[in-house]
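The values are calculated or read from the model by the stated rules, or taken from the named source; none is laboratory data. A quick note: this is a predicted structure, and the numbers were derived from the prediction, not measured. Here the Cβ is made from the backbone with ideal geometry for all residues, glycine too, and neighbour counts use every protein chain on show. These accessible areas exclude ligands, DNA and RNA; they are computed on the full protein's heavy atoms, side chains included. Shrake-Rupley method; radii C 1.70, N 1.55, O 1.52, S 1.80 Å.
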Amino acid sequence: MGTYGRQNIVFERGEGCWLIAEDGQRYLDFGSGVAVNALGHAHPQLVAALKAQAEKLWHTSNLYRVEGQESVAEKLIRLTFADTVFFCNSGAEACEGAIKVARRYHYVSGQPERTRIITFRGAFHGRTLATLAAAGNPKYLEGFAPEAAGFDHVEPDDHEALEAMIGPETAAIMLEPIQGEGGVRAFPPERIAAIRALCDAHGLLLVLDEVQTGVGRTGKLFAHEWADVVPDVMAIAKGFGGGFPVGAVLATAEAAKGMTPGTHGSTFGGNPLAMAVASTVIDIVSEPEFLEAVRLKALRLKQGLVGLKDSHSDLIEDVRGEGLLMGFKLKSHVAPAQVVGAAAAQGLLLVGAGDNSVRVLPPLIASDTEISEGIQLLSRALAHVSGEGS
Ligand SMILES: *Cc1c(COP(=O)(O)O)cnc(C)c1O
């Protein structure tokens, strides 16, 4: 179906941070398939894990125990706040699952009226009917009425409005620590701590959508670690499979107490192929030295982008983000597609976002040289865009 406005490039293979098109042209991939290829393309350990599993067993369904699920869940539990994990196949499914966990928690706690979830303007939680309603973006909801009920939206920076929105039917507050699709807009760490405190005061669950911010993207294994708070429920996907489709809902035992046999399910969720890859991704990304290296590279990227903001102040309004989830907002006379197109023409892949901005999402394995090369290519692309405008 014609649901995508695709760029007219066909890639044939990938090597680390590079994609090679059919015509032999090489592209530096600073989009990472929208924050998915955390370990770049064709990472030898991921290829080996997938090949080895492919020769043993692909799928059994969740009618039986799945060894890979048990071991990946144990790793996630050891590394995070979570006591329990549900595996699914995508970010939207992980967010849907998180919403179900929150509603079910209050249902089994004797407060079945607590069904409403407070979410934030500019959010993105996926394209299913409930996650579209959760984000409340009119552009994505158009033509898909009736809108799923049970979501209340507030502006991200209005803490008073958030407090006023809490009522007897509120079940949870749900947010992305950094809004990715929305334009790389971060909740300051102290704000996330204040939202945590609000949840505690009112008996609400804090649900974090770390589909884009998670699995090392911000230089911590999960972005909420920067705020030094823990959620009750968390959705992950994107980088978790490094390109293999997989997602998960993580929760405390208390938050997940309503998720008893028969309450939720997925045919493909946590399939052995996905688990083999996700297990390897988690092993590599959770190493403290790996995350430290991400933070160092992130510093270099941020300095480069701030430099470009100074040299191209006619185009760039500000630079934002954390770790390797960076972006820049453009002046109103420039559209993200112009910059993304000009960059692709220079051999650099970027991703557009809301709030008139562009995302820069290198694979977490990018070298210092590749970060510098990306900045150089972007500088040339911006020069072209400036030239076109004059
Ligand atoms: C991409 C994304 C989703 C949706 O993930 P899909 O795998 O496309 O369903 C949800 N939440 C956030 C924050 C995302 O960035």
> So what is Rg over Rh here for the chain, counting just Cα atoms and using Kirkwood for Rh?
Replying inline: 0.97
> Considering only DSSP states other than H, G, I, E and B, which chymotrypsin sites (Phe, Trp or Tyr not before Pro) in segment 124-197 qualify as loop sites with at most 10 other Cβ atoms within 10 Å?
Replying inline: none
> Rounded to two decimals, what ratio of Rg to Rh does segment 1-69 give with C-alpha atoms and a Kirkwood Rh?
Replying inline: 1.10
> What part of the accessible area of segment 45-285, given as a whole %, is carbon or sulfur when the probe is 1.4 angstrom?
Replying inline: 55
> When the C-alpha atoms of segment 239-390 are aligned to their principal axes, what extent does each axis show, in angstrom, from largest down?
Replying inline: 64, 32, 28
> What is the chain's relative contact order, in percent, from Cα pairs under 8 angstrom and six or more apart in sequence?
Replying inline: 23
> Heavy-atom accessible area per residue, segment 1-77, 1.4 Å probe: how many Å²?
Replying inline: 65
>> Mean-square fluctuation check for the chain, GNM, Cα pairs under 10 Å: which of Lys56, Lys75, Lys220 is largest?
In response: Lys56
> Taking only DSSP H segments of four or more residues, each worth -39500 (n - 2.57), what value at 222 nm results for the chain once the sum is divided by all its residues, to the nearest 500 deg cm²/dmol?
Replying inline: -12000 deg cm²/dmol
> What pairs from Lys100/Lys257; Lys297/Lys329; Lys75/Lys257; Lys139/Lys302; Lys238/Lys331 go past 23 Å between their alpha carbons?
Replying inline: Lys139/Lys302; Lys238/Lys331
>> Output needed: percent of Cα pairs per 5 Å distance bin for segment 18-174, bins running from 0 to the one holding the longest distance.
In response: 2, 7, 11, 13, 16, 15, 13, 11, 8, 4, 1, 0, 0
> Longest span of the chain, sites excluded, free of GluC sites (Glu not before Pro) in DSSP loop with at most 10 other C-beta atoms within 10 Å?
Replying inline: 143-390
>> Given contacts defined as C-alpha pairs under 8 Å and at least six residues apart, what's the relative contact order of segment 232-334, whole-number percent?
In response: 18
> If you build a Gaussian network model of the chain, linking Cα atoms that sit under 10 Å apart, which residue out of His43, His333, His59 swings the most?
Replying inline: His333
> For Cys199, what accessible area in Å² do you get when you roll a 1.4 Å probe over the heavy atoms of the protein chains, rounding to the nearest 10?
Replying inline: 0
> Using a Gaussian network for the chain with springs between C-alpha atoms less than 10 Å apart, which of these wobbles most: Arg127, Arg78, Arg26?
Replying inline: Arg78
>> Rolling a 1.4 Å sphere over the protein heavy atoms, what is the accessible area per residue of segment 280-319, to the nearest Å²?
In response: 49
>> Can you return the aspartates and glutamates within cross-link range of Lys56? Criterion is Cα-Cα under 16 Å, with same-chain partners fewer than 8 residues away left out.
In response: Glu67
